[in-house]
Amino acid sequence: MRRFDFRLEAALRWRRSQLDAEQIKLRSLLAELAAIQSSIAELESAEAPERTSVHSSEATPGERAGLDEWLRWAHAERSRLLATSADCERRIADQREGVVAARRQAELLEKLRTRKLREWTGELNREIEQIAAEAYAARRSQALL
């Protein structure tokens, strides 16, 4: 009996590598989003004490002006980071769709391979049974002689 040979094995390997690449892109985008969210959290935690400092009676007018300018910058930076975060979340959603599509394509070939292997195994079992039956019949006919 010939060995199992799936004609689309190269295509299956290519689809698997495509899926791996899409998953790597998704992980990269998720890491990017985590970094953006971390930057937002750091900015917000730095902003809270500054906001109370600008209103304290101990701050000089120059310090208040500087703190007010920093708070304006922090607000603009937070807005920029939120916009970047929203864009990254959109790209993540698109990439997830890409991962799902790549997974479907790979799974389709996997299912086809599994079906072909099952058919091949059935043929192999039938051939083995036929050889065993022929061997039994040959031994039996020799025993009768």
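A short reminder: the numbers here are calculations on the coordinates, not readings from a lab. Just so it is clear, the structure is predicted and the values come from calculations on it, not from any experiment. Neighbour counts run over all protein chains shown; Cβ positions are idealised from the backbone, glycine included.
Values as computed for the structure displayed
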| quantity | calculated |
| --- | --- |
| Mean-position separation - Cα centroids, the stretch 64-132 and the stretch 14-44, in angstrom | 11 |
| Between 0 and 90°, nearest 10: helix 61-144 axis offset from the chain longest Cα axis | 10 |
| Potential extension, R96-L82 segment - 0.36 nm per residue separation minus Cα distance | 3.0 nm |
| Cα-derived Rg over Rh, computed across the stretch 1-134 with Rh taken as Kirkwood radius | 1.48 |
| Gyration tensor over alpha-carbon atoms, the stretch 1-48, equivalent ellipsoid semi-axes in Å | 47, 7, 4 |
| Square roots of 5 times each gyration tensor eigenvalue, C-alpha, the stretch 79-141, largest first, Å | 60, 7, 4 |
| Mean separation of Cα contacts under 8 Å (6+ apart) over length of the chain, as relative contact order % | 43 |
| Sparse-neighbour loop sites [GluC sites (Glu not before Pro); the stretch 37-145; at most 11 other C-beta within 10 Å; DSSP] | E58 |
